[in-house]
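Participant: I'd like to ask you about the structure that follows.
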Amino acid sequence: MEEQKTELKLIKMSDVQSQEILWLWYPFIPYGKLTIIQGDPGDGKTTFVLNIAAQLSKGTGLEGDIKVSEPMNIIYQTAEDGLADTVKPRLELAGADCERIVVIDESEKTLSMIDERLEEALIKTNAKLLILDPIQAYLGGGMDMNRANEARDMTKKLGLLAEKYQCAIVLIGHMNKAAGNKAAYRGMGSIDFFAVARSVLLVGRIEGQANIRAVVQIKNNLAAFGHPKAFTLSESGFQWLGDYDITADEVLGGVAPKANKLEQAKQLLQRLAESNKTMQSNEIFDFAEEEGISKRTLENAKKELDIKAKKIKNLWYWELGKIQLQ
């Protein structure tokens, strides 16, 4: 049988209209693209995502880089946790507006990544965040996530859906057991899942910190990598910590961070305060650079210690005299 010839169609780049990337959370979760959040079971991936969803449902974010101007509708699909005894209690604990978080009913037919009900739900709810938890539960019958061509086909269709409705789609994935491998190859299934996603975040435990979980970006095709973050999980619930100095290798290797840079920065400022009531900011930055402390981390330490800055003859000075010395 003769193969039917496909008509050649060419697109001139001059006819393509440039578009700016829009972000739900810069530079971690873009609108119109796929984001993967992966980690080992029990390390807090779902709790992390549910707390993001809870904040967005109220029109707020975990931090200032999450851009939301009004309460957002969210579609959350889970195949691992009960809605009544696990998901809703977690959302309520996080203060979510549950009226804005919906689930597609799978009682008659299980959902897959290529199910037309996903598009119908996006249209009906105008949701700007769609979460599938976990990836492998939404492959559909007969699909093999370890086969590159099948993985590529599924994620391409999902990506087109994200682009069409300018929705952020987040896929939650478990890590495999290949200890020592690069983070990209420890995600469950074909590397093509990792390849199609524009952003990939790793959630993992921090050695020596039983209740703290790190969030480290291990892929970003759209912007510079974001600063690692952290949150705590304890009996009292979820608490966002914000910037945290740790690497993906330290998370994956179960190695304690060389130092908590924020604490190191606070200690530096306290030492400087012992002999300086005020100090020029550029001099402080120089001291910090010598100790491998970034300007951003130093600014965070300044904020935590409630250090005020004042401008004298076009130069900025930090008032160190009011720091509580330890």
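Participant: Assuming R0 = 25 Å, can you tell me the calculated FRET efficiency for the pair ALA195 and THR247, based on Cβ-Cβ distance, to the nearest 0.05? It would help to have the intermediate numbers written out before the result.
Facilitator: On the way: r = 22 Å, r/R0 = 0.88.
With a Förster radius of 25 Å, E is 0.70.
Participant: Would you mind checking the tilt of helix 261-273 against the longest principal axis of the Cα atoms of the chain, expressed as 0 to 90 degrees and rounded to 10?
Facilitator: Helix 261-273 sits at roughly 20 degrees to that axis.
Participant: Something else about it: Can you give me the Cα centroid spacing of the range 293-326 and the range 9-34 in angstrom?
Facilitator: 39 Å
Participant: At 7 Å along Cα-to-Cβ for each site, give me the label-to-label distance between LYS5 and VAL102 in nm.
Facilitator: Result for the modelled spin labels: 4.8 nm.
Participant: Which one, ASN221, ASN73, ALA137, projects farthest toward the positive side of the charge dipole computed for the chain from Cβ point charges (K/R +1, D/E -1)?
Facilitator: Looking along the dipole axis, the top candidate is ASN221.
Participant: What is the spin-label model distance, in nm, from LEU93 to GLU283 if the labels are put 7 Å beyond Cα along the C-beta direction?
Facilitator: 4.9 nm
Participant: Further question: Could you pull out the trypsin sites (Lys or Arg not before Pro) across the range 210-303 that fall in loop regions by DSSP (anything but H, G, I, E, B) with no more than 16 other Cβ atoms inside 10 Å?
Facilitator: Working: sites: ARG213, LYS219, LYS229, LYS258, LYS261, LYS266, ARG271, LYS277, LYS295, ARG296, LYS302, LYS303; in loops: LYS258, LYS277.
The qualifying sites are LYS258, LYS277.
Participant: Next question. How do 304-317, 6-19 rank on mean C-beta neighbours within 10 Å, highest first?
Facilitator: On the way: 304-317: 11.5, 6-19: 5.9.
Packing proxy ranking, top to bottom: 304-317, 6-19.
Participant: Only four residue types carry charge here, +1 at the Cβ of Lys and Arg and -1 at the Cβ of Asp and Glu. Report the dipole size of the chain about the Cα centre in Debye, rounded to the nearest 20. Can you show the working numbers first?
Facilitator: Working: 41 positive and 46 negative charges, 211 e Å.
Using only the charged Cβ atoms, the result is roughly 1020 debye.
Participant: Quote the FRET efficiency, to the nearest 0.05, computed for GLU163 versus GLU304 with a Förster distance R0 of 30 Å and r equal to the Cβ-Cβ distance. Before the final figure, lay out each step's value.
Facilitator: Working: r = 40 Å, r/R0 = 1.33.
Given R0 = 30 Å and the Cβ-Cβ separation, E is 0.15.
Participant: Is the shape of the range 268-323 rounded, prolate or oblate, going by the alpha carbon gyration tensor and its root eigenvalues a ≥ b ≥ c, with a/c under 1.5 for rounded and a/b larger than b/c for prolate?
Facilitator: Numbers: a/c = 1.42, a/b = 1.21, b/c = 1.17.
It is rounded, given that a/c, with a ≥ b ≥ c, falls under 1.5.
Participant: Calculated from DSSP H runs of 4 or more alone, at -39500 (n - 2.57) each and per residue, what is the 222 nm mean residue ellipticity of the chain, nearest 500? List each step's numbers first, then the result.
Facilitator: On the way: 9 runs with 91 residues, N = 326.
Calculated from helices alone, the mean residue ellipticity at 222 nm is -8000 deg cm²/dmol.
Participant: Next up: Carbon and sulfur atoms: what percent of the 1.4 Å accessible area of the range 13-141 do they account for?
Facilitator: Details: 2940 of 6230 Å².
C and S atoms contribute 47 percent here.
Participant: Rounding to the nearest 10 and keeping the result within 0 to 90°, find how far the Cα-based axis of helix 148-165 lies from the longest principal axis of the chain.
Facilitator: For 148-165 against the chain, the angle is about 70 degrees.
Participant: Per residue, how much accessible area does the range 44-154 show when a 1.4 Å probe rolls over the protein heavy atoms, in square angstrom? Intermediate results must be reported in sequence, preceding the final value.
Facilitator: Values: 5390 Å² over 111 residues.
So the range 44-154 comes to 49 Å² accessible per residue, rounded to a whole number.
Participant: Give me the one-decimal nm value for the distance between modelled label points at SER14 and SER294, 7 Å along each residue's Cα-to-Cβ direction.
Facilitator: Calculated label separation equals 4.3 nm.
Participant: Which percent of the accessible heavy-atom area of the range 223-326 goes to carbon and sulfur, probe 1.4 angstrom? Could the numbers behind the result be given before it?
Facilitator: Details: 3000 of 6400 Å².
Its accessible area is 47 percent carbon and sulfur atoms.
Participant: To check my understanding: the extent here is largest minus smallest coordinate of the Cα atoms along each principal axis. What are those three numbers for the range 217-289, in Å, largest first?
Facilitator: 40, 37, 22
Participant: Here's a follow-up. At 0.36 nm per residue, minus the direct Cα-Cα distance, what do LYS313 and SER69 gain on full extension? Give it in nm, one decimal, please.
Facilitator: Extending this stretch completely gives an extra 84.0 nm.
Participant: How tilted is helix 45-57 with respect to the longest principal axis of the chain? Cα atoms for both, answer in degrees (0 to 90, nearest 10).
Facilitator: So the helix axis and the longest Cα principal axis differ by about 90 degrees.
Participant: Report the FRET efficiency, 1/(1 + (r/R0)^6), for GLU274 and THR232, where r is their Cβ-Cβ distance and R0 is 35 Å, rounded to 0.05. Mind dumping the intermediate values first?
Facilitator: Values: r = 31 Å, r/R0 = 0.89.
Efficiency for this residue pair is about 0.65.
Participant: Let me ask something else. Give the whole-number value, in cubic angstrom per residue, of the convex hull volume spanned by the C-alpha atoms of the range 3-108.
Facilitator: Working: hull volume 22.6 nm³, N = 106.
Taking only Cα atoms, the range 3-108 has a hull volume of 214 Å³ per residue.
The values are calculated or read from the model by the stated rules, or taken from the named source; none is laboratory data. Keep in mind that what you see is a predicted model, and the values were worked out from it rather than measured. Using ideal geometry, Cβ is built from the backbone for each residue, glycine included, and neighbour counts are taken over all protein chains shown. We work out accessible area using only protein heavy atoms, side chains counted, and drop any ligands, DNA or RNA first. Shrake-Rupley method; radii C 1.70, N 1.55, O 1.52, S 1.80 Å.
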